[in-house]
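Notes for the one structure printed next.
The values are calculated or read from the model by the stated rules, or taken from the named source; none is laboratory data. What you see is a predicted model; the values in this text were computed from it and never measured. As a convention, Cβ positions derive from the backbone with ideal geometry for all residues, glycine included, and neighbour counts pool all protein chains shown. The protein model used for the area step is the full one, side chains on, heavy atoms only, and it has no ligands, DNA or RNA in it. Shrake-Rupley method; radii C 1.70, N 1.55, O 1.52, S 1.80 Å.
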Amino acid sequence: MRVFVAGASGAIGIRLVPQLVDQGHQVIGTFRSPGNAERVRALGAEAIALDLLDARAVRKAVLETEPEAIVHQATALADVRISRNLDRSFAPTNRLRTEGTDALLAAGREAGVRRFVAQSFASFRYAREGGPVKTEDDPLDPTPVAGARETNAAMRYLDQAVTDAGGIALRYGGFYGAANDGLVGPVRKRHFPIVGNGGGISSFIHLDDAAAATVLALEHYGAGIYNIVDDEPAPVREWLPVLASALGAKPPRHVPRWLARLVAGEGAVMMGTESRGASNAKAKRELGWSLRYPSWRQGFVAAYASTSPTGRTQGSSAR
Ligand SMILES: NC(=O)c1ccc[n+]([C@@H]2O[C@H](COP(=O)([O-])OP(=O)(O)OC[C@H]3O[C@@H](n4cnc5c(N)ncnc54)[C@H](OP(=O)(O)O)[C@@H]3O)[C@@H](O)[C@H]2O)c1
């Protein structure tokens, strides 16, 4: 298949393109930052510079390259400063999830593209009630915390627009598996504490497993939403000490909810104490997906051991 990967130079894109090439697909990979063309080419793709927020350029690129499938992996999260107001930090990404998705869907429709797969997110989105682990059929949080409403709305928009168009939205867990993963710096510096009882549930996914699920989704018929997460959704109080240890960092600090609310905002309290995890049963069953890193327990060690100050073992590929 000719596959158009929007965001081929990003954290997931650079894992996805080689897996697609290995499966015999021809890949057109887009990048945004000048200088990333060579990086995309080296992965085995035809490289094109593209701003997804320029709908005319998107139309032109898709019509000219005549893909059979489109994968939307564009976000704008590199070097983003996560502030108390998540919507401010995520504003450019929210536009990529709404306007960018619309532009790709419109271009794909005009070009007769048959398959569409887009990046969505599983963590911190399900309703904060009932059991700890949620399926795709469970309700999303009807009242996201202040400062995260636009971000939640953008992800809902993407899920709906993509599935209405017959495509697949992949709700990935928290990515890890590269040396520059977002949690690495804060955990090393002990800036990421256990809040309250640390009972908020997180779902993670190794980037290599996320890419493998994406390849399978492209080969799958029918619209749908899939949680792409590992087998072990877990409370922060369990996974954070394991991550700190894998990074060779000191154990995380504990802070009470009131202090976390004051310093980091309501979103941090929600993630640390109330959020729910996601189930991967549907993706395994319907996509035939199996994981190389079924749990963050072995995944964190594989990803980070070689980067820790003590450098105990060789880790997996780092970006
Ligand atoms: N599920 C998750 O946990 C999750 C999801 C996404 C990202 N992240 C994390 O966030 C960090 C940054 O992610 P990242 O390295 O993938 O960088 P990123 O800045 O989010 O970029 C992702 C991709 O989107 C492209 N892009 C950015 N703006 C664009 C635009 N206006 N039009 C078209 N394409 C655009 C980028 O191109 P250029 O690279 O050429 O600029 C890149 O190919 C990583 O640590 C990653 O793991 C986590």
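So what's the back-of-envelope 222 nm ellipticity for the chain, counting only DSSP H runs of four-plus at -39500 (n - 2.57) apiece and dividing by all residues, rounded to 500?
It comes out at -11000 deg cm²/dmol, rounded to the nearest 500.
Counting DSSP beta bridges with both partners in the chain, what percentage is antiparallel, nearest 5?
Once the DSSP bridges in the chain are tallied, antiparallel ones form about 10 percent.
Projected onto the charge dipole of the chain (+1 at Lys/Arg Cβ, -1 at Asp/Glu Cβ, origin at the Cα centre), which of TYR221, GLY173, GLY147 gives the Cα projection farthest towards the positive end?
Farthest along the dipole direction, towards plus: GLY147.
For a quick check, take a GNM of the chain with Cα springs below 10 Å and name the residue from LEU140, LEU105, LEU262 with the largest mean-square fluctuation.
LEU262
Report the net charge of residues surrounding LYS250, where surrounding means a beta-carbon distance below 14 angstrom and charges are Lys +1, Arg +1, Asp -1, Glu -1.
+4
Once the dipole of the chain is set up with Lys and Arg at +1 and Asp and Glu at -1 on Cβ about the Cα centre, which of ALA210, VAL269, PHE116 lies farthest towards its positive end?
VAL269
If the reach is capped at under 21 angstrom between alpha carbons, list the lysines near LYS250, excluding any in the same chain fewer than eight residues apart.
Straight-line reach from LYS250, under 21 Å: LYS189.
For the chain, what is the relative contact order in percent, using Cα pairs closer than 8 Å and at least 6 residues apart in sequence?
Relative contact order of the chain: 19 percent.
Kindly give Rg over Rh for the stretch 163-203, based on alpha-carbon atoms, with the Kirkwood expression for the hydrodynamic radius.
Working: Rg = 15.3 Å, Rh = 13.2 Å.
We get a ratio of 1.16 for the stretch 163-203.
Using the Cα gyration tensor of the stretch 21-100, with a ≥ b ≥ c the square roots of its eigenvalues, what is the shape: rounded (a/c below 1.5), prolate (a/b larger than b/c) or oblate (neither)?
Prolate shape, in that a/c is at least 1.5 and a/b is the bigger ratio.
Return the distance in nm (one decimal) between the two label points of a simple spin-label model at ASP79 and ARG285, each offset 7 Å from Cα along Cα→Cβ.
4.5
Between the alpha-carbon centers of the stretch 196-220 and the stretch 11-87, tell me the distance in whole angstrom.
19
Kirkwood hydrodynamic radius, computed over distinct alpha-carbon pairs, for the stretch 192-319: how many Å, to one decimal?
Here the Kirkwood hydrodynamic radius works out to 16.0 Å.
Quick one: pull the percentage of alpha-carbon pairs in the chain with a separation above 31 Å. Numbers along the way, then the final one.
Details: 13999 of 50721 pairs.
Here the long-distance tail beyond 31 Å is 28 percent of all Cα pairs in the chain.
Over the stretch 99-240, what is the mean sequence separation of C-alpha contacts under 8 Å (at least six apart), divided by residue count, expressed as relative contact order in percent?
Answer for the stretch 99-240 is 31 percent.
If I compute solvent accessible area with a 1.4 Å probe over the protein chains, what percent of it on the stretch 245-287 is carbon and sulfur?
60
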